[in-house]
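Here is the structure we will look at.
The values are calculated or read from the model by the stated rules, or taken from the named source; none is laboratory data. Since the structure is predicted, the reported quantities are computational estimates derived from the model, not experimental observations. So basically every Cβ, Gly included, is an ideal-geometry build from the backbone, and we count neighbours across all protein chains shown.
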Amino acid sequence: MGTEQQWDIVSGIGITALAVAAGRAVEASRPEALAVDPYAARFVEEADAPIPLVTTLAEAEATDPTGNWAAFATYAGVRTRAFDEHFERAAAAGVTQAVVLASGLDTRAFRLNWPPDAVLYEIDQPLVLDFKSTVLRKHGAAPTVPAHHLLGLDLRNDWPAALETAGFDRTRPTAWLAEGLLPYLPPESEESLFGEIHRLSAPGSLLAVEYYLDLQQALDGAAERSREWAENLEIMIHTDRRPTPGERLSGIGWEVRDVPVTEAARGYGRSLDVPVPLSGNAVFAFARRVQV
Ligand SMILES: C[S@@+](CC[C@H](N)C(=O)[O-])C[C@H]1O[C@@H](n2cnc3c(N)ncnc32)[C@H](O)[C@@H]1O
């Protein structure tokens, strides 16, 4: 996929952001929800998606008796909760500058408790962020973060320059998040992404990133559960073997802790031991920059 290529919320990689919002909406409809995103269902309702999406557990079970949707919602809930806690830990540690890379329809700017001096930058494709802003405005959502910047950019291009122009301060520790992003980046863009995060991270910075032990295996697992999903994902996902975040960062001054998604789920009293499209071997890496 060339760097000139753009997408909106119902095309190309953009639709994956809508699918994750559907997963969050279904999770929010569960009595035992791990995360309640009140806007997730609104995004699905407002988009004219070319694939069938659902917003409640009842709809998920009626549409898909095999349980794919319900399991995907658990995955979305576990992931959302785990990374909500990343920002809670960052705030508790006094890290109040945050950057969400490939934020898609992430609404943390509108639903987390942010400290009074917090500033949050979100980066995603311009049309994806335009859709999000339009829907949130229509539903009267107000940011809970005191300073909020949306940057419509391609993460395969020079995003750090735009981030710094928008006010990002590299001397201030940062809480970074890359959730559901790495599979969509070509290997060279992923390498450059980690290099830039490192370059822009003052000591004390915290990074949470989701990666996959084996993307080909995750895709094969997806194909067993849903051919339609697997075919869509195959076009967008780069399955090349890459260094893990720990391999990239441990030798250059970061402490890295890996939490497999199955373990995270068990920690919340839920199970993800049955492979879910694209989540079977996901790992959440939590890293802290300890040295210059
Ligand atoms: C699976 S969604 C995840 C969205 C969000 N982080 C979440 O978990 O809800 C993937 C997101 O990555 C974004 N993305 C992928 N490649 C990108 C790139 N090169 N530049 C900007 N955004 C990108 C897509 O637009 C999409 O919003």
Report task. Filter region 82-102 for residues that are part of a helix (DSSP H, G or I) and either farther than 24 Å from I15 by Cα or hydroxyl-bearing (S, T, Y) (or both) and give the result. Result -> E85, H86, F87, E88, R89, A90, A91, A92
Report task. Can you tell me which residue among R42, R30 is out of contact with any strand residue (DSSP E or B) (no Cβ under 6 Å at 6 or more places or on another chain) and either assigned to a helix (DSSP H, G or I) or crowded, with 23+ Cβ neighbours inside 10 Å (or both)? Result -> R42
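For region 74-81, state whether one or more residues are surrounded by fewer than 22 Cβ atoms within 10 Å (Cβ to Cβ) and part of a helix (DSSP H, G or I).
The answer is yes; a qualifying residue exists.
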Report task. Answer with yes or no whether A147 is surrounded by 21 or more Cβ atoms within 10 Å (Cβ to Cβ) and either aliphatic (A, V, I, L, M) or within 9 Å of the ligand (Cβ to nearest atom) (or both). Result -> no
Query raised in the report: Restricting attention to region 82-105, and to residues there that are surrounded by 24 or more Cβ atoms within 10 Å (Cβ to Cβ) and over 16 Å from A287 (Cβ atoms), which single residue is nearest to the ligand (Cβ to nearest atom)?
Result: G104
Report task. Check E122, E188 and return the single one that is farther than 24 Å from R257 by Cβ, surrounded by 18 or more Cβ atoms within 10 Å (Cβ to Cβ), without any contact (Cβ under 8 Å) to a residue 60 or more places away in the chain and of a type outside the set (A, V, I, L, M, F, W, C). Result -> E122
Query raised in the report: Quick one: A223 ticks every box in (1) surrounded by fewer than 22 Cβ atoms within 10 Å (Cβ to Cβ); (2) assigned to a loop (DSSP other than H, G, I, E, B); (3) at pLDDT below 90 bar one, so which box is it?
Result: (2)
Requested in this report: Filter region 80-102 down to residues that are of a type in the set (K, R) and free of Cβ contacts under 8 Å to residues at least 40 places away in the same chain, then give me how many there are.
Outcome: 0
Query raised in the report: When region 193-215 is examined, which residues are found to be assigned to a helix (DSSP H, G or I) and either within 18 Å of the chain's Cα centre (by Cα) or touching a residue at least 24 places away in the same chain (Cβ under 8 Å) (or both)?
Result: L193, F194, E196, I197, H198, R199, L215
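For (1) under 20 Å from A166 (Cβ atoms); (2) of a type in the set (G, A, S), each residue gets a yes or a no:
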| site | (1), (2) |
| --- | --- |
| V78 | no, no |
| E88 | no, no |
| A93 | no, yes |
| Q97 | yes, no |
| D106 | yes, no |
| R111 | no, no |
| P115 | yes, no |
| Y121 | yes, no |
